[in-house]
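Okay, structure first, notes after.
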Amino acid sequence: MVKLSVIVPFYNVQQYAPDTLRSLRANAREDFEFILVDDCSRDGTPEILARAERELPGAVHVRHEKNGGLATARNTGIDRARGEYLTFLDGDDWLAPGYYPRLVTAIEELGCDFLRTDHVQCTARARAVHRVPHGRRNVVMNPREAILPADRSTSVDYAYAWAGIYHRRLVDKGVLHFTDGLRTAEDRPWIWKLHREADSFAAVSLLGVFYRRGVASSLTQIGDVRQLDFIRAFDQVIEETAQDPEADKLLPKAVRTYCAIISHHLGSIERFEPAVAKKLKSMSAAALRRMPQNVLDEALDSMDIQRATRLRRLRRRPAPAGVAA
């Protein structure tokens, strides 16, 4: 029986993949498997992974013939996974030695559907600990209770898939898969669905994932059209939350978060290519008009004046015909 399946997508990360794979070796156990998904890399990554399949205990190498993005690569790994528990790692991040055995022990002791963990953010040589925005630790709770309040950072804002571990029953329930084809913000609909539909979760003070920021090839650093997938991702959050039995309670949080993300992108619009910046404005204006308008009004009233003014101005902007998310 495989205890843990670790799903690791790789795409053009030949510079970082060796560190990632060394850290996996330092976490290997005879009942762990490492599903290495090459999302059609065009650099030296495929050769590195082919060697890892021979040398890393528990490695399973899967290669996409067409690049599908992070969400699709993770789904490939989920479909191949045999473990009682599943977790994720990105191909340019790394782990502390022995982290995964401690993570498995933590979820087995608590017996919940999923755990959320802290992580270390690494930017060049700087290191900073980022905590799950959930105050109660080592206490099993209903995940729905960790969505609110709307005006504070909560567990649904801490959307990193690799900052946690998930029981297989979430796969069987249809909760763990990502939305195929999303090239950014793929973890936003995923974390909301997890918190709406899973039965139990806990946050634990366990550090062991090192998240590499500022990677030149990362979508967070690239201002091309793929960044605009955040609109499709948050449209999904709004649509699915609106169908929830507690929609009136949860929608203010979803709408406010969507507004905050739109404002964030508009505030750094200079990093986008000119044509993409224009499309960002028109698509964001259309997105604001799709939101439940009474909920949007309340969200804007509760935001600081700078963000609220920026979004109200955008909301009044005429949308060109044919613009859609």
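The values are calculated or read from the model by the stated rules, or taken from the named source; none is laboratory data. Computed from a prediction, not measured in an experiment: that's the story for all the values here. Virtual Cβ from ideal backbone geometry, glycine too; neighbours counted across all protein chains shown. Remember, those area values only see protein heavy atoms, side chains included, never the ligands or the DNA or RNA. Shrake-Rupley method; radii C 1.70, N 1.55, O 1.52, S 1.80 Å.
Some notes on this structure:
- Compared with the direct C-alpha span, the chain from residue 264 to residue 246 gains 3.7 nm at full extension, assuming 0.36 nm per residue.
- The percentage of C-alpha pairs in the stretch 108-250 whose separation is greater than 23 Å is 39%.
- On the chain, 49 percent of the accessible area sits on carbon and sulfur atoms, based on a 1.4 Å probe.
- Taking all protein chains into account, the per residue accessible area for the chain stands at 44 Å² (1.4 Å probe).
- When exposed loop sites are taken as GluC sites (Glu not before Pro) in a DSSP loop with at most 10 other Cβ atoms within 10 Å, the longest stretch of the chain clear of them is 66-325.
- Both radii are taken from the alpha-carbon atoms of the stretch 135-197; with Rh as the Kirkwood radius, Rg/Rh is 0.95.
- To the nearest ten degrees, helix 187-197 and the longest principal axis of the Cα atoms of the chain are 90 degrees apart.
- Rounded to the nearest 10 degrees, the angle from helix 99-110 to the longest Cα principal axis of the chain is 70 degrees.
- Charge sum, other residues only, whose C-beta stays under 13 Å from residue 235's C-beta, Lys/Arg counted +1 and Asp/Glu -1: +1
- Which labelled figure in (1) 33; (2) 17; (3) 24 is percent of Cα pairs over 34 Å apart, once derived from the coordinates: (3)
- Extension gain (nm, one decimal) between residue 1 and residue 213, 0.36 nm per residue minus Cα-Cα: 72.8 nm
- Near residue 167: Cβ cut-off under 12 Å, other residues only, Lys/Arg at +1 and Asp/Glu at -1. The net charge is -1.
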